[in-house]
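Just so it is clear, none of the values below were taken in a lab; they were calculated from the coordinates. Treat the numbers as computed from the prediction; the structure is a model and nothing was measured. For neighbour counting, all protein chains shown are included, and Cβ atoms are generated from backbone atoms with ideal geometry for every residue, glycine included.
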Amino acid sequence: MKNQINLLVIQIPQDLNKEINNIRNKSFTKTGNPSFKMLEPCLLLGIYKNNKLPKHIDKISQPILINKNAQCEDELLYFPVYNENGIINLKQNFILNELDLPLDKKICNKFLPLEKLLMENKYPIIFLASNVKNKETNSYNLKKNYKINDIRLNLLNVKFTELGIIYSLLDYRHLSNCK
């Protein structure tokens, strides 16, 4: 049985990446919840069925806005994404809306609840953690709202093992610079 999938993500700016990693490290230390360490900070679009991106992908004409306030729903902790018209069009063209690969769901959902994320259509989001019982999200908030102007699409291969997740970059495209 395969224990790997390809995720379509948008790379986030270095300053946002650093701030999210600081939140994750503090939260992991405080709670011991391993899901804080499972996925590199990125804007999660969904699962992609191929190992290469298509040669032509429509450009995104508007910046992507990340709300500084974390949200927690159904034990999923994440940052919501706004102004997503370009992302929704991208999703409709290239992303599977359900898991169709033979994953070992016990291993997959132990670390990253992709099935829940995809079934409930919560993406595009920046995933922080799963199995978060505390509905109080103020300690997870960012210092400010972020705007992603330089939009880079990455295709990540994610392998689930008993010890954790291993991921590697398969392909990427620079979609736009919306300044």
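Below, the figures for the structure above:
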item: Proximal charge balance of ILE166 [Cβ under 13 Å; K/R count +1, D/E count -1]; result: 0
item: Count of lysine pairs in segment 15-82 with Cα separation under 15 Å (8 or more residues apart, or interchain); result: 4
item: Highest to lowest packing among 63-69, 128-134, 52-58, scored as the average C-beta count within 10 Å; result: 128-134, 63-69, 52-58
item: Tensor-based shape of segment 32-86 (alpha-carbon gyration tensor, a/c under 1.5 rounded, otherwise prolate or oblate); result: oblate
